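Below is one structure, written out as structure tokens; the observations come after it.
The values are calculated or read from the model by the stated rules, or taken from the named source; none is laboratory data. Keep in mind that this is a model prediction, so the values were computed, not measured. No Cβ is skipped: glycine too gets one built from the backbone with ideal geometry, and neighbour counts run over all protein chains shown.
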Amino acid sequence: MSGTVKEAPGQAETPFLELHKKFLQDTPPPGAVRGLAEAALERFSVLGFPHRKHEMYTFVGTQDLVGQAFELSGEGATPEQEFLRAQVVPGCENSVLVLVDGHYRADLSDTSALAGSIGVVPFAEALSDSGLQNYFKDAIDEENDVFAALNAAFMADGVAITLKEKAAPEAPLQVLCVSTGSTGGPVLNQPRVLIQVQPLAELKLITSFCGERPNYFVNAVMDILVQEGGQVSAAQVQRDPFEAWHFCKTRVTLAGDSRFFTVGASYGSRLVRHHYDARLKAPGAELSLNAVSVLGGQEQVHQFVRIHHEAPHCTSHQLFKNIVDGKSRVSVDGTVIVCTGAQLTYSDQLINNLMLSDDAHADNKPNLMIFADDVKCTHGATVGQVSPDQMFYLKTRGLSEKTAKELLTKSFAASVIDTVRFPAVAAELKKSLLKKLEA
């Protein structure tokens, strides 16, 4: 398959194509996976590396990735135990799945608190199911994100999770993605996670991304399939070192009367991009997506969101709050598509940016594409600074200018953090993410 791809010298795709050849030679995936991986490589070559005028990368500069001599992360690396323990959310000690450099590590995972409620198998084993094979074939054929296609081209060693019908475990499941990084050249790791929530089941999900050492590119893809009446309450935390690149695509499919609520929190790095693609496929489906970023220096976070209302009587909510300081950059490119026949759709989207520096940059692109006539859809975006009136009020109550500014900026971000449904995660975000505002 690799030999059929046109590899013009100097193309941005060439280093990744060469890396894929090495991948097939050194760690050939099993049959079903190999077929999907080769199809994804072809899709990657068709899509091509994005340029600044690419519709999906209008605000994202990927030039820094071009020409990087990435090596694939090996399977043998193990984080220091002290570091690993520090990344486990309190209460998830017996309900945590660990991926190290994209490789599922059963020896570092413990799901005893969820015994009887979930099934966990390596990703390749899950693909023995013909229905899943067809799902991923269709996903690859329709893939529009070149980096998600790149992830699929290297799919081999992720994890598949199934929450059984009507199961509602009390303990949240933490999926912990650790990058060990490199002391030499940059390394590429590509976590792959599949989550299936069967009918009437309720899953509490925490996804954490972190790095032990810098100099890596984590390029993750998560597929979350929620069946009829299922519910997922989720939080996703990105906390990579500044020197890392972080791309993650989350693909959500909602059946009738299912629910998906998630809150994302980003600490930023040299380049972070979150891509959410959600499809509300049957009446009664509901999605809520909140996200908060606190950035300084030259950190970046970019959100690319597409919500597809494909059936009537569906609901979606989006709220983004970003605080940008220094020379940091943030963007939200979000579109809600109301398909033909999706009557009685309700959707709202709000993007708020708080600017703490004249050199910071925020881009907003809220958009609606409506092909039905009985809907209620709203969107909006704001960019502003700390209110002088609010500052004056707090100073007249005896607060110093520094304390007043910290109070206002922290409360701006805390309004999203307070929607996190896991007290331990919310407490940590208030302690560490908001601490960035004290600098």
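Values for this structure:
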{"item": "Odd one out for Ala427 among (1) in contact with a Ser or Thr (Cβ under 8 Å, 6 or more places away or on another chain); (2) hydrophobic (A, V, I, L, M, F, W, C); (3) surrounded by fewer than 19 Cβ atoms within 10 Å (Cβ to Cβ); (4) under 30 Å from Ala86 (Cβ atoms)", "result": "(1)"}
{"item": "Options Val324, Val338, Val330, Val305: the member that is more than 30 Å from Leu433 (Cα to Cα), in contact with a Ser or Thr (Cβ under 9 Å, 6 or more places away or on another chain), of a type in the set (Val, Ile, Thr) and without any contact (Cβ under 8 Å) to a residue 60 or more places away in the chain", "result": "Val338"}
{"item": "Members of segment 55-65 found to be exposed (fewer than 14 other Cβ atoms within 10 Å of the Cβ) and either of a type in the set (Asp, Glu) or in contact (Cβ under 8 Å) with a residue 24 or more places away in the chain (or both), listed by number", "result": "Glu55, Asp64"}
{"item": "All positions within segment 254-270 that are buried (at least 22 other Cβ atoms within 10 Å of the Cβ) and either under 11 Å from the mean Cα position of the chain (by Cα) or more than 11 Å from Gln238 (Cα to Cα) (or both)", "result": "Leu254, Ser258, Phe260, Thr262, Val263, Gly264, Ala265, Ser266"}
{"item": "Selection status of Leu41, in contact (Cβ under 8 Å) with a residue 60 or more places away in the chain, within 21 Å of Met155 (Cβ to Cβ) and in contact with a helix residue (DSSP H, G or I) (Cβ under 7 Å, 6 or more places away or on another chain)", "result": "yes"}
{"item": "All positions within segment 275-317 that are assigned to a strand (DSSP E or B) and in contact with a Pro (Cβ under 8 Å, 6 or more places away or on another chain)", "result": "none"}
{"item": "Leading residue by the ranking (modelled with the lowest pLDDT) among those in segment 23-42 that are exposed (fewer than 13 other Cβ atoms within 10 Å of the Cβ) and in a helix (DSSP H, G or I)", "result": "Gly31"}
{"item": "When residues of segment 324-339 are limited to those that are closer than 24 Å to Ala360 by Cβ and touching a Leu at 6+ places or on another chain (Cβ under 7 Å), the one surrounded by the fewest Cβ atoms within 10 Å (Cβ to Cβ)", "result": "Asp325"}
{"item": "Qualifying residue in segment 144-151 (condition: among the small types (Gly, Ala, Ser) and within 20 Å of the chain's Cα centre (by Cα))", "result": "yes"}
{"item": "Residue pairs meeting the criteria (Cβ under 9 Å; at least 6 apart or on separate chains; first under 23 Å from Glu18 (Cα atoms) and surrounded by fewer than 18 Cβ atoms within 10 Å (Cβ to Cβ), in segment 69-88; second of a type in the set (A, V, I, L, M) and at pLDDT below 90)", "result": "Glu71/Leu19"}
{"item": "Qualifying residue in segment 276-285 (condition: within 26 Å of Val66 (Cα to Cα) and modelled with pLDDT of 95 or more)", "result": "yes"}
{"item": "From the options Ser288, Ser233, residue that is surrounded by 19 or more Cβ atoms within 10 Å (Cβ to Cβ) and either under 30 Å from Asn134 (Cα atoms) or out of contact with any Lys or Arg (no Cβ under 6 Å at 6 or more places or on another chain) (or both)", "result": "Ser233"}
{"item": "Leu319, sole failed condition from (1) within 24 Å of Gly380 (Cβ to Cβ); (2) crowded, with 24+ Cβ neighbours inside 10 Å; (3) aliphatic (A, V, I, L, M)", "result": "(2)"}
{"item": "Close pairs from segment 385-396: first farther than 15 Å from Thr409 by Cα, partner of a type outside the set (Gly, Ala, Ser) and at pLDDT 80 or above, Cβ under 6 Å, at least 6 apart", "result": "none"}
{"item": "The lone exception for Thr382 - which of (1) surrounded by fewer than 14 Cβ atoms within 10 Å (Cβ to Cβ); (2) not in a strand (DSSP E or B) it fails", "result": "(2)"}
